[in-house]
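The values are calculated or read from the model by the stated rules, or taken from the named source; none is laboratory data. None of these values were measured; they are calculated from a predicted model. No Cβ is skipped: glycine too gets one built from the backbone with ideal geometry, and neighbour counts run over all protein chains shown. Side chains included, ligands, DNA and RNA excluded: accessible areas come from the protein's heavy atoms. Shrake-Rupley method; radii C 1.70, N 1.55, O 1.52, S 1.80 Å.
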Amino acid sequence: MTEAMTYAYADASTLRKTASANEEELFLAQYNELNRGNNQCFFWGRLNDPFTTARCLITLSNTVQSSFNLSPFQMAMLKDPIVTAGNEKIRFEGFSHCASVYARVDVLPEGHDGEFLEAGTTNVDFNQPMINALSAMKRQEDVVLSVGPKEVGIHKEGKKTIERKVPLPTKWIKGLTTVQIYLSDTNQHMSLNKMQAIQLFRSIPKGKVKTDYHLIKRGTLYSFSPVASRDAICVGGVHRLRLLEPLMPMIDELKVFAHEDMQSTTWQLYFGKVRFSMSLSRDPWRGFSGEGAALEALIEDVPDQWIKKVDNYSYANQSFNPTMLAIENATSVEQLKNVTSRLAAMGLLGFDIDDNEYFYRRLPFKFERIMGLNPRLKGAEKLLAEGKVTIVQKDDFRVEARVEGSGVHHTVIIDNEEAKCTCTWYARHQGERGMCKHILATKKMLQSV
Amino acid sequence: MDAAVQFEEILAKEKVDEIVDFVSSLDNKSKKAVGKKLNGSRFVWEYNTKKVNQGGFSYNQPTTPKGTKAQQKIFVIGSFFCHGRRDFSREWSAQDFLTKDLLDQLLPIFIPAWFSDYINDINKEGWLNHRFTYLELLDLEEKGYLELSPAMIAHRIAWAITEYTEDNKTYYRPEVLLRYKNTLARDIWYLFEYESNVHFGDPYREFENAEGNNAWESAFKWLADENKVSRDRLLSEALLASNRNFNKSVSGWFIRLFFLLEPTEDDLLALQSQLVGILSSPHSHVVNGSLKAIKKIQSNKTFDAQQFIGSAVFLLTSEVKSVVKSVLMILEKIAKRNENLRESICQSVVQVFASQDGELQLRAAKLIMNYAPEGATAVQEEIGVYAGALLSDAKAILDGWLPEVLSTAHDKNLEPELDVASGGEPATLEKFPAVSNFEELLFHASQAFDNHDPSHFDILVDGLIRFNHEVTGSNIAKLEPALQRAMKLVIGDFHATIGILDNMLATFFTEYCDYLAKTYPTDALPLKELSEDFRRKDRHQAREFSWYHQRITPLSTWHTSQNTPIYYLFRKMLMLALARLKQGIQLPLLSTPTHLPCWIDPNVLLERVAEYQQANVEIDALDFQMALARVDNDLSEVDYTKLEQVSAEQKSLLEYAFGRTAEIPEGNINLQLLIAAAIMRNDGALREVLAEKGRMLDAGKYTGDFEWGPIHEKFTDKRYDYQKNRYVPFENERKEVRIAKRAIPTTEKPGGLLGLFRRKVLPGYKSVYYSVYADQVLKEQWLQGVDNDVPRFLSLAPNNPGSLIISIIERCCKYSPFISENDKRLVIKSLEYLLNIWKKYDGITQDYLGICMMCSDKTARTIAGEIWIAGCENDSVDQIRIGAAVAKMNAFDFSPLKRFTDLATTIYSISALHKKRMNELLYACITNLSDTPPRNVRKVLELFKETIANREELRKDQAFIQKLNGWALESQSLAKLVNSIL
């Protein structure tokens, strides 16, 4: 299923070299789903390390074109990464076709010398001329990056606006929802220097890897092992990391972050002025889009004014730490978590692990659309609508419910924070992939009671 | 008349000649109406169908098309004029009607607004879509009907110079390129900017009018030679195209084209900036091409060495050896000429030490030795970072460059890393996660049949026995989801992670639910209804399809296709549990583990035996055997006072098993139980017991201690002779691992009619003879699902898995590459479980580790390596047996040594201890290898050299020296290596 969104491009993205000053300009077309007519330029300035930035962008492009569980036929459609300029950083991000890999290039404040005219988000068209231009980028070149249409003079043939329908797949919208939540629950586990990182990447098994591998440290050496052990980081589909191989000789440092339940791992490469992050889902056949990490937050009732308030706050500040914000506003961390989850679910927030804060992304997805995309939420609503949930027992800390399933009655028990169900989904995943529809329906019913 | 009605008539009466005139005369409103009518006429593309019943399945088979060819053509023309692009593209079959001839007829009358986009997007439909040739498209463009995109041009021009005729002949037609002006001026350059099939050289293609099979190579050469395009531009574009993120083949083709154009030194110098630029390509073929060109010009004065060094640095960590060698060679030459660049070159070259290739390290070390300025601290610091990775030869050369502090760091590095977490003993400390109330049992039952963990089998059985008394009233109906899952599994809901044992467990659970339905007819009504529903479905399937046999069977008759004995052990235990459930006995089975993954605390076992005694419950012989087989070997804290509470017979057996007495217990003790007690002692008592019972020949059956090894033999095979139309014999060869099993006459299991009568008629007769060791045999023909059961098989006798291991070797390691995915998975699963239970095993289990280090799967080898790493730390691996097993696997070139050396390279350098143990292993391996040097023995010797700690000791070993000298006679390079070792 693909959500077709209409973007108004002011021009196709191009990278131009001006003959006079030998300057290359990366010109990124802008879109606006709601067509607010906002044609401001977001950023205009020089790149301080154009070669590294270009190599990172090519890797991002390769990530976006890759797929780890879809057939080549399904891969036919190329997706365009999202670009966000704001808070002195320029971020390029995207998913693989299968949504099991999320990649982001952050051009840090030292990585550019330019002006942010307005914070905003756009969509970069990684077409072949763009790749050609990036591939030809050399080390000591003077390159200007422009996010958003800069000036009318660029278009020699007149003001021609190209209307394009960019297919923004449902997977991306759902993936953006989950990945930020995983990233915000992620901790740094290991830090590798260049030699260690190179040796580690040499231990990645050849071919398509079906079993889980575990990143372990022995002495000063890091390696991948098929055996689980204490303090190891579990990586499913470790071959996905090969996308990073071309960047390894250039790195200063590699940091590895892991979700507390090992549901995702994040591999952050540092190049001084530029940073490349790659997050892998638990398994290559489980894209971020299918995970139910946000479900709990999505069923919570959060006042609209709260969402609006935090949305405005995020837009104004461009980034924020949710805990600090909760303390400053004397509100509960839990409630703020729900609000941020909703904003993340709407594509409005991304998460920066290094800074431990959310950054604002101006993608105008509608909340209703997110709700509609989630089959488990829809299933829960249906169970409630058909009156298939019965609360059998309820006290302050424990609730037992009977929920009618397919041919049988399931038992749902919510004991303090822990919720259990006798259904196959829960039995198989034990809550690691979010709650089943029976638990969601029970929780929703409890809220209404 | 209304336009839609008119169109309907044209379509119905198939008036093909009138359609163009009709649609071209329509205004926009009428076109819209006809468009709607077209949408309702899509039936012309559909097919009539007939229902076919075949093999128990029914499906609709297409027969004749609903629309005629004329109607389909009318539809296409109508759609072209009246539809938007989306509606026009909806019918796949309709696209084929839109030929160049038809377009020539339609386009002068009407050009749809979407036409250019539609044509340009054809190449996105995949490589199979070849509608419209390059010449056809260019013709349309020349006439002003469309604007072609560069990507589309590149895609189509790639096929333009090859002509395929109807008589299957292929012609090379480069002259096509001269037909239109735009072709050479614009179009061919798009081949360098967009990925296409320009490189496509079909090895089976032969031109009727030219040599070779790659048309574009010849075409570009011809164009350059004839001066029809700029040769300089061709050279430059070919270089740039090789690094435009195209795929490996296309990128490689462009660099080949570059050299095909025979660039001169002047050309190369002019293009040196591009040559250096493409060093960042991810494809080694491109990088090697660039380096080849740079080698030719690096000595020229105008060559920018500084720029090259800046880019080449990143290649020094390449995994492609030839790339690193070339870069080192060029850097060495630059260093020789440019004194001021030496320090930065040497500093960069240090990165080569990240590789574990001895030759590269030696080369880099020599370069540093020769050119690093004396006292260059930056170089010294850099070497310090990589010091841990230095091999002995490089280290010897760089001795003077190793800072003093390094020796301390080096020694520290050699200390065993005891914080290495890799399984082993600590696992025994974790408590077995038994359920503690009915609620936990309820949620466990829902997931127990999906094999999430090998322990779930025991947890469910144990939980049901202990909380059976709570399965009453409203609690019974709560088991409905679990019963549904069990029933689904039994009738065929198979998935890759479940085993045959899960089917058995599900059968057990369904039978338990049947018992509940009989005992509590009212409360268990939902269970009964659910069960009957599935049984009805099962019977219906069996009636409907001949290939389907009823799958819901009683546990007592449950069996596998080959009657594999090991499954009967589990069935017997489940039968016992079912009987206990029906009798309402809540005592846990003796064999229920107390610690993960499958260990039993000896004190708990004594307590359980005493509880059975007090409750006057008879102990089952197999349950007891299994319990003894699972007892944790650490008996130092056993409280023997508990033995006072058990019967004299059990006391004498337990005292014998726990090693308190050497006297073989007397009395009416089940022989298999006595054998299990003797095996638990692990001190040779088994032989005593077998000798006393006159069954010495059976020892291998219980321990798996048989001779094994690869054989290479000739045998008579059969093949089909198509001339004679029958199979004919021929002499063939085979290499396989054989186990020297002796035929063991069984005295306990009567054969013949008597045995048949007892087995089939007397209930429970077979139970007398179950042996937890001797019955660990795999007999299944197909191992699907068995691999998922292997951890549970190993959990039966974790102290002595030999009898199962020999069966795994015989069944799965028979051939050098695994012959099926299931064999491989079975070995991997067995190794994963062995890692958790590994202890100082005897005999065949140690050999198994060596065999797995030589097996064809890298994952299996790596896990075997993990066991070895952990085993070195707690001294539980036998280096001599493993080394000998590795050598044995190499006999007759059965398994290549490279498999072992690739693994050994990654595990020996973890600590000084591992280095020492690896040396012992390699020594055992070398002494057992054949006298003629086996293939890849060089790497074994290199590793041996890296791990030697005491050469003096080695020089005293005459047999070893003789073997190495014997090898040295065979090759000069080996002789050099042997000399450096001795």
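One residue stands out among those in the range B:456-479 that are crowded, with 20+ Cβ neighbours inside 10 Å and in a loop (DSSP other than H, G, I, E, B): the one that is nearest to the chain's Cα centre (by Cα), which is B:Leu479. For the range A:207-226, the criterion of being away from chain B (no Cβ under 11 Å) and either within 16 Å of B:Glu319 (Cα to Cα) or open to solvent by less than 10 Å² (accessible area, probe 1.4 Å) (or both) is met by at least one residue. Determine whether B:Val877 is open to solvent by 10 Å² or more (accessible area, probe 1.4 Å) and in contact (Cβ under 8 Å) with a residue 24 or more places away in the chain. So B:Val877 fits the description; yes. Return a yes/no flag: does the range A:234-242 have any residue that is in contact with a helix residue (DSSP H, G or I) (Cβ under 9 Å, 6 or more places away or on another chain), part of a strand (DSSP E or B) and within 30 Å of A:Thr53 (Cβ to Cβ). Yes: the range A:234-242 contains one or more residues that are in contact with a helix residue (DSSP H, G or I) (Cβ under 9 Å, 6 or more places away or on another chain), part of a strand (DSSP E or B) and within 30 Å of A:Thr53 (Cβ to Cβ).
Collect the residues in the range A:184-199 that are in a helix (DSSP H, G or I), more than 13 Å from B:Glu319 (Cβ to Cβ) and not hydroxyl-bearing (Ser, Thr, Tyr), keeping them in residue-number order. Those that are in a helix (DSSP H, G or I), more than 13 Å from B:Glu319 (Cβ to Cβ) and not hydroxyl-bearing (Ser, Thr, Tyr): A:Lys194, A:Met195, A:Gln196, A:Ala197. I'd like the full set of residues that are closer than 20 Å to B:Leu240 by Cβ, within 11 Å of chain A (Cβ to nearest Cβ) and of a type in the set (A, V, I, L, M, F, W, C), limited to the range B:287-327. B:Ala312, B:Phe314, B:Leu315, listed by residue number.
Considering only residues of the range B:366-383 that are under 44 Å from the mean Cα position of the chain (by Cα) and β-branched (Val, Ile, Thr), which is nearest to the other protein chains (Cβ to nearest Cβ)? Only one residue fits best here, namely B:Ile383. Only one of the listed residues (B:Asp514, B:Asp493) is of a type outside the set (A, V, I, L, M, F, W, C), open to solvent by 20 Å² or more (accessible area, probe 1.4 Å) and within 14 Å of chain A (Cβ to nearest Cβ). That residue is B:Asp493. If a residue must be more than 14 Å from chain B (Cβ to nearest Cβ), assigned to a loop (DSSP other than H, G, I, E, B) and open to solvent by less than 10 Å² (accessible area, probe 1.4 Å), how many such residues does the range A:250-282 contain? Count: 1.
The single condition among (1) within 14 Å of another protein chain (Cβ to nearest Cβ); (2) under 17 Å from A:Ile204 (Cβ atoms) that A:Trp285 does not satisfy is (2).
Within the option set B:Lys858, B:Lys839, being within 14 Å of chain A (Cβ to nearest Cβ) and basic (Lys, Arg) holds for one residue only, B:Lys858.
Residues in the range A:112-136 that are at pLDDT 75 or above and either surrounded by fewer than 24 Cβ atoms within 10 Å (Cβ to Cβ) or in contact with a helix residue (DSSP H, G or I) (Cβ under 6 Å, 6 or more places away or on another chain) (or both): A:Asp113, A:Gly114, A:Glu115, A:Phe116, A:Leu117, A:Glu118, A:Ala119. From the list B:Gln306, B:Gln274, the lone residue that is open to solvent by 70 Å² or more (accessible area, probe 1.4 Å) and polar (S, T, N, Q) is B:Gln306.
The single residue among B:Glu142, B:Glu193, B:Glu163, B:Glu175 that is away from chain A (no Cβ under 13 Å) and over 20 Å from B:Ser218 (Cβ atoms) turns out to be B:Glu142. Of all residues in the range B:432-446, those satisfying the criterion of being open to solvent by less than 40 Å² (accessible area, probe 1.4 Å) and free of Cβ contacts under 8 Å to residues at least 24 places away in the same chain are B:Phe443, B:His444.
Only a single criterion out of (1) within 11 Å of chain A (Cβ to nearest Cβ); (2) outside any helix (DSSP H, G or I); (3) at pLDDT 90 or above is not satisfied by B:Glu440, namely (2).
Among the residues making up the range B:328-365, those that are under 14 Å from B:Ala394 (Cβ atoms), away from chain A (no Cβ under 14 Å) and either β-branched (Val, Ile, Thr) or without any contact (Cβ under 8 Å) to a residue 40 or more places away in the chain (or both) are B:Leu328, B:Cys346, B:Glu359, B:Leu362, B:Arg363, B:Ala365. Between A:Ile391, A:Ile353, the distinction of being of a type in the set (Val, Ile, Thr), within 30 Å of B:Leu525 (Cβ to Cβ), in contact with a Leu (Cβ under 9 Å, 6 or more places away or on another chain) and open to solvent by 10 Å² or more (accessible area, probe 1.4 Å) belongs to A:Ile391 only. Residue count for the range A:396-449 satisfying the condition of being more than 8 Å from every other protein chain (Cβ to nearest Cβ), assigned to a loop (DSSP other than H, G, I, E, B) and open to solvent by less than 10 Å² (accessible area, probe 1.4 Å): 1.
Every residue, every condition in (1) closer than 24 Å to B:Phe192 by Cβ; (2) of a type outside the set (Val, Ile, Thr); (3) at pLDDT 90 or above, yes or no:
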residue	(1), (2), (3)
B:Lys100	no, yes, yes
B:Leu107	no, yes, yes
B:Ala113	no, yes, yes
B:Ile119	yes, no, yes
B:Lys124	yes, yes, no
B:Leu138	yes, yes, yes
B:Lys143	no, yes, yes
B:Leu146	yes, yes, yes
B:Ile153	yes, no, yes
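Restricting attention to the range B:460-474, the residues being at pLDDT 95 or above and within 13 Å of chain A (Cβ to nearest Cβ) number 1.
Listed here are the residues, each with its yes/no results for (1) under 43 Å from the mean Cα position of the chain (by Cα); (2) modelled with pLDDT of 90 or more.
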{"site": "B:Arg173", "(1), (2)": "no, yes"}
{"site": "B:Val176", "(1), (2)": "no, yes"}
{"site": "B:Tyr180", "(1), (2)": "no, yes"}
{"site": "B:Arg186", "(1), (2)": "no, yes"}
{"site": "B:Phe200", "(1), (2)": "yes, no"}
{"site": "B:Pro203", "(1), (2)": "yes, no"}
{"site": "B:Leu223", "(1), (2)": "no, yes"}
{"site": "B:Lys228", "(1), (2)": "no, yes"}
{"site": "B:Leu239", "(1), (2)": "yes, yes"}
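Taking the criterion of being surrounded by fewer than 21 Cβ atoms within 10 Å (Cβ to Cβ) and farther than 16 Å from B:Gly709 by Cβ, the residues of the range B:881-900 that qualify are B:Pro896, B:Lys898. Checking each residue of the range B:295-309 against the condition of being closer than 21 Å to B:Ile383 by Cα and not β-branched (Val, Ile, Thr) gives no match. Restricting attention to the range B:956-982, the residues that are within 14 Å of B:Tyr923 (Cβ to Cβ) and open to solvent by less than 100 Å² (accessible area, probe 1.4 Å) total 8.
Residues in the range B:706-727 that are more than 25 Å from B:Val886 (Cα to Cα) and surrounded by 11 or more Cβ atoms within 10 Å (Cβ to Cβ): B:Asp717, B:Lys718, B:Asp721, B:Tyr727. Residue count for the range A:230-249 under the criterion of being open to solvent by 30 Å² or more (accessible area, probe 1.4 Å) and facing another protein chain (nearest Cβ under 7 Å): the result is 3. Being touching a residue at least 24 places away in the same chain (Cβ under 8 Å) and either more than 15 Å from A:Asn356 (Cβ to Cβ) or out of contact with any strand residue (DSSP E or B) (no Cβ under 8 Å at 6 or more places or on another chain) (or both) is a property that A:Ile327 lacks.
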